[in-house]
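The values are calculated or read from the model by the stated rules, or taken from the named source; none is laboratory data. No experiment lies behind these values; they were computed from the predicted model shown. Cβ placement follows ideal geometry from the backbone for every residue including glycine, while neighbour counts extend to all protein chains displayed. The protein model used for the area step is the full one, side chains on, heavy atoms only, and it has no ligands, DNA or RNA in it. Shrake-Rupley method; radii C 1.70, N 1.55, O 1.52, S 1.80 Å.
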Amino acid sequence: MKEEQKKGNVWLFFIIAFGFSWLFWVPLALAEQGILSLPDGLYQFLSGDNNPGAWGPFVAAFLMTAIYEGWSGVKAMIKRGLNVKIGWKWYLVVFLLLPLLIGLPLLVAQIAGEAIPESMAIGMAGETPLPIFAVIAFFVIFFKGGPLQEEFGWRGYATDRLLAKFNALWTGIIMGVLWTSWHLPLLFIPREESYYNRPVWGFLLTAILVTILFTWIYNNTNRSIFATLIFHTMFNWTNTFFPTFETDIGGLLFFGLTITLVAVIVWQFGQAKLKQEVI
């Protein structure tokens, strides 16, 4: 596995991923800030749902894999994206952990008497019954809301190669900083998602903590990209339904719970691999 991890150039991957995404995001961000004037047609394209910027990590991952490992490497990556054999315990983790970490703080905030904003889901659902909309939203987010566009890159390509250079904890921290940096142009574009509408330090801390959890899951599911696809989907899905980060108590409690959980994971699994070794 070490030899496989060393193939390719992780920093060139990041240059391609950032370059592809920012090519489509930066002009829009400059336009939204009144710095750049775009033709109407180009502005409509860049501000619409078909802006391809989010595909940067996906494009970079498959391009780098094809160059350095050929078709066999591409097939191996796709296979890990379809690896559903992660064990029932890890299915519980990827589906339920984030709803608990984000939902429970919101419940506490409500019990404490804090005003709870309306979630994005309510407005987006329209006349669709919320349970049906919840299922539809999961699949829309999976395919169009970030996971598919990002996970083959962040986990499928970059994480393995960073693990060849750093321990698992530092890999999670580095990936969290880079993940935040990749999103920077979006912070200057008006968006509904709550995590884009809070201070940068909050976005960065959330990204680092969640990315350590991503690394933990990835290492304990035999490098299953499918597991991280589901986990990423649940992060975005949960934020659509639970406006936790728009409340003071909820946001602080989320950080407290997640920092505690990460500390326990590092203590129990070890910072070197964040993985339970089988003896």
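For region 158-247, please list each of the helices (runs of 4 or more DSSP H) lying entirely inside it that holds at least 1 residues being within 28 Å of Glu118 (Cβ to Cβ). In region 158-247, 168-183, 200-220, 225-241 are the helices (runs of 4 or more DSSP H) which contain 1 or more residues that are within 28 Å of Glu118 (Cβ to Cβ).
In the set Ala17, Ala31, Ala76, only one residue is over 19 Å from Ile141 (Cα atoms) and either in contact with a Ser or Thr (Cβ under 6 Å, 6 or more places away or on another chain) or open to solvent by 30 Å² or more (accessible area, probe 1.4 Å) (or both); that residue is Ala76.
Restricting attention to region 199-212, does a residue exist that is closer than 23 Å to Trp267 by Cβ, touching an Asp or Glu at 6+ places or on another chain (Cβ under 9 Å) and open to solvent by less than 10 Å² (accessible area, probe 1.4 Å)? Checking region 199-212: not a single residue is closer than 23 Å to Trp267 by Cβ, touching an Asp or Glu at 6+ places or on another chain (Cβ under 9 Å) and open to solvent by less than 10 Å² (accessible area, probe 1.4 Å). Here is the figure for region 224-242: residues that are open to solvent by 10 Å² or more (accessible area, probe 1.4 Å) and either more than 19 Å from Gln149 (Cβ to Cβ) or aromatic (Phe, Trp, Tyr) (or both) total 5.
When the residues of region 85-97 are filtered to those that are aliphatic (A, V, I, L, M) and open to solvent by 70 Å² or more (accessible area, probe 1.4 Å), the one that is farthest from Phe138 (Cα to Cα) is Leu92. Close contacts from region 55-67, counting a first residue that is of a type in the set (Val, Ile, Thr) and a second that is open to solvent by 10 Å² or more (accessible area, probe 1.4 Å), with Cβ to Cβ under 8 Å and a gap of 6+ residues or different chains, come to Val59/Ile16; Val59/Phe20; Thr65/Gly8; Thr65/Val74; Ile67/Gly8. If only residues of region 248-268 that are over 9 Å from Pro105 (Cα atoms) and in contact (Cβ under 8 Å) with a residue 60 or more places away in the chain are counted, the one that is most open to solvent (accessible area, probe 1.4 Å) is Asp248. When region 34-57 is filtered for residues that are open to solvent by 40 Å² or more (accessible area, probe 1.4 Å) and in contact with a Leu (Cβ under 7 Å, 6 or more places away or on another chain), the ones remaining, listed by number, are Leu36, Ser47. Within region 102-139, the residues that satisfy the criterion of being open to solvent by less than 90 Å² (accessible area, probe 1.4 Å) and not in a helix (DSSP H, G or I) are Ala112, Gly113, Glu114, Ala115, Ile116, Pro117, Ser119, Gly126, Thr128, Pro129. Condition first: within 16 Å of Ile217 (Cα to Cα) and among the basic types (Lys, Arg). Can you find one or more residues in region 88-99 that meet it? Yes, region 88-99 contains a residue that is within 16 Å of Ile217 (Cα to Cα) and among the basic types (Lys, Arg).
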